[in-house]
Protein chains: 2
Amino acid sequence: MDQRPIGVFDSGLGGLTVVKELVKLLPHEDILYFGDTGRVPYGTRSPETISKYAQQDIAFLRRKDVKMVIAACGTVSAVLPKEVVKGFSFPYSGVVKPAAQAACAASASGKIGVIGTSATIKSGAYGKEIRSIRSDAIVIGNACPLFVPLVENGFIQPDNPVTRMVAQQYLKPILENGVDTLILGCTHYPLIKPIIGELVGEDVTLIDPGKEAARGAAVLLQSQGLLSGREQAGELHFYVSDSTQGFEQTASVFLHTDSVTGHIEQVDIDSL
Amino acid sequence: MDQRPIGVFDSGLGGLTVVKELVKLLPHEDILYFGDTGRVPYGTRSPETISKYAQQDIAFLRRKDVKMVIAACGTVSAVLPKEVVKGFSFPYSGVVKPAAQAACAASASGKIGVIGTSATIKSGAYGKEIRSIRSDAIVIGNACPLFVPLVENGFIQPDNPVTRMVAQQYLKPILENGVDTLILGCTHYPLIKPIIGELVGEDVTLIDPGKEAARGAAVLLQSQGLLSGREQAGELHFYVSDSTQGFEQTASVFLHTDSVTGHIEQVDIDSL
């Protein structure tokens with residue numbers, strides 16, 4: 001048993017969709033979340049800068065003595081070099097591997113689509129991971145750089161004409177290749193799942209990497225005897241690198257809840 | 001006479017539209033540009049974080065021994081506190097004051113519209129500046145947070161249906177108030193001027209703050225005897241906080257040129 005919190009981080013607040021899943025699966029665990037709101041987004045930056053920021057984020061969580069680190073960020077999971085991850089002395093999970101496993105299990109044809117930020121798609125990480133599980137898979141990726149700003153600016157209504165038009169454009173090359181499974185490779189995308197789902201049609205299985213990562217983390221902690229073993233509900237601690245003002249309002253969208261309870265604090269991530 | 005370079009900075013590369021104007025007006029000056037591409041955008045962050053970043057950017061330019069600093073960023077110009085600016089021991093210009101002056105001169109009715117990032121509009125800086133020049137002015141502002149990502153993702157064609165639809169939505173409250181002058185309060189917006197211009201109609205004068213700031217800087221340097229006095233063309237030096245890869249391609253869009261010549265270097269802005 002391990003009473004320390006689970007550490008979760010993301011470039012911004014999108015990773016809270018993973019926290020939501022964790023709370024559902026592991027209600028007795030404390031969760032410590034860091035959102036790099038002072039430097040979001042990561043998905044448009046270079047691999048070197050993304051790696052640097054991610055390692056600062058992980059160092060912060062480690063200083064808070066978390067028992068596990070989850071990179072709840074498609075971009076970090078795709079870009080952080082394997083050598084860096086191999087050097088970690090603590091349980092770590094990104095979202096790419098669990099999502100790739102779920103996609104391979106779900107796909108009948110082996111034709112799998114991936115949408116994500118520019119950095120995620122450019123990294124080719126999903127393709128590599130999928131083909132390591134299923135060598136015959138055909139992976140079709142497309143970057144959707146406008147999805148994050150659209151979600152962050154509230155263009156998420158299922159009938160929003162702007163988001164629909166942008167999604168049509170982004171999903172065209174995926175649909176033309178006739179995939180039967182589509183990975184929503186960024187923690188923001190589940191918020192526009194109804195639009196994406198309608199455009200790709202109900203025969204295409206949508207994979208939510210955040211959900212898969214949360215499931216994978218639950219299995220890992222359980223199998224390694226690292227659950228808290230407590231009976232009372234776990235606590236939530238939120239840290240952000242920009243002002244905490246407005247945090248609760250934005251966080252409630254990603255957490256799918258009316259009110260956000262927990263400790264909220266700003267940290268100076270670049271001078272730690 | 002002063003042979004030192006003019007320092008220009010922006011959250012990203014939008015401020016290059018100011019460099020373009022400066023080169024046109026002052027072809028014999030060296031220009032040193034810093035674009036904070038590792039932390040762009042600023043317009044969605046808190047005033048405290050914007051101020052912190054801006055002061056780091058200015059400190060960097062000062063270490064490079066520039067003779068003047070131009071904040072070619074609507075957000076920084078609107079948010080950086082007056083007390084901070086008053087403490088500067090060097091010529092400094094933002095874009096708000098020159099744009100407000102130009103708008104007051106251009107407007108017959110005194111009804112002036114301002115569009116900008118969320119932070120710019122929330123600051124109310126344009127309204128304060130305009131009313132200090134013309135107390136009877138009525139200023140109608142609206143934040144256009146999707147314009148920056150749309151421009152950065154190339155949605156800039158005059159007939160682009162997505163940008164047109166978003167612009168229609170953003171400009172509605174401005175048009176309903178019957179302004180005769182509109183300030184394009186962010187250095188990215190001149191790139192979609194044809195779309196904005198068509199929607200507001202030709203009776204509305206569009207003010208480009210970057211252009212006005214460049215004109216103001218030229219007058220200031222001339223009046224204070226700070227021009228280089230050289231006869232050969234000035235040199236351009238570009239510094240960015242993310243990778244320099246892809247810089248030339250993006251920069252050429254803002255500089256309106258086929259090829260970008262000049263020194264390009266990455267700097268570690270948060271650990272200087």
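Only the coordinates and a few stated rules stand behind these numbers; no lab work does. Here the structure is a predicted model, which is why all the values come from computation and not from measurement. Positions of Cβ are generated from backbone atoms using ideal geometry, with glycine treated the same way; all protein chains shown enter the neighbour counts.
Data table
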| quantity | calculated |
| --- | --- |
| Other-chain or far-sequence residues with amide H under 5 Å of B:S11's (modelled H) | B:D36 |
| Residue pairs, from the table B:K52/B:K193; A:K64/A:K211; A:K82/A:K122; A:K97/A:K122; B:K20/B:K52, whose Cα atoms sit over 19 Å apart | B:K52/B:K193; A:K64/A:K211; B:K20/B:K52 |
| Rounded to whole Hz, the Karplus (6.51, -1.76, 1.60) HN-Hα couplings of the range A:170-185, x for glycine and proline | 5, 8, 3, x, 5, 5, 4, 8, x, 6, 10, 9, 9, 8, 7, x |
| Whole-number D in µm²/s for chain A (Stokes-Einstein; Kirkwood sum over Cα pairs; 10 °C, 1.306 mPa s) | 85 µm²/s |
| Estimated [θ] at 222 nm from DSSP helical runs (n ≥ 4, -39500 (n - 2.57)) normalised by residues in chain B, nearest 500 | -12500 deg cm²/dmol |
| Pairwise FRET efficiency - A:E235 versus A:S271, Cβ, R0 = 30 Å, nearest 0.05 | 0.65 |
| Ascending list, in nanometres, of distances separating the A:K24 label from those of the other copies (7 Å, Cα toward Cβ) | 5.5 |
| Check: the range B:46-194 dipole with +1 on Lys, Arg Cβ and -1 on Asp, Glu Cβ, in debye | 380 debye |
| Highest-fluctuation residue, A:G141, A:G229, A:G14 considered, GNM on chain A with Cα pairs under 10 Å | A:G229 |
| Interchain or long-range residues, amide H under 5 Å from A:I207's placed H | A:L182, A:I183, A:L184 |
| Cα→Cβ-extended label distance, 7 Å offset, between B:K82 and A:S243, nm | 1.9 nm |
| Dipole in debye (nearest 20) - the range B:78-143, about Cα centre, beta carbon charges: Lys, Arg +1; Asp, Glu -1 | 60 debye |
| Among B:G234, B:V219, B:V260 the positive-end extreme of the charge dipole of the range B:217-272 (Cβ point charges) | B:V219 |
| Near-label residues of the range B:83-118 by backbone N, under 17 Å of a point 7 Å along Cα→Cβ of B:Q55 | B:83-90 |
| Karplus-derived 3J(HN,Hα), 6.51/-1.76/1.60, for each residue of the range A:108-125, Hz, glycine and proline x | 8, 7, x, 9, 10, x, 9, 10, x, 6, 4, 5, 5, 5, 4, 5, x, 4 |
| Highest average packing first - B:74-82, B:100-108, A:168-176, Cβ atoms within 10 Å | B:74-82, B:100-108, A:168-176 |
| Per-copy distances of the B:P158 label point, shortest first, in nm (7 angstrom along Cα→Cβ) | 4.0 |
| Charge dipole magnitude, Cβ of K and R +1, D and E -1 - chain A, Cα centre, debye nearest 20 | 780 debye |
| Nearest-0.05 FRET efficiency for B:V219 and A:D159, computed from C-beta distance (R0 56 Å) | 0.65 |
| Charge context of B:G246, other residues only, Cβ under 15 angstrom, K/R +1, D/E -1 | -3 |
| Positive minus negative residues near A:A100 (Lys, Arg vs Asp, Glu; Cβ under 11 Å) | +2 |
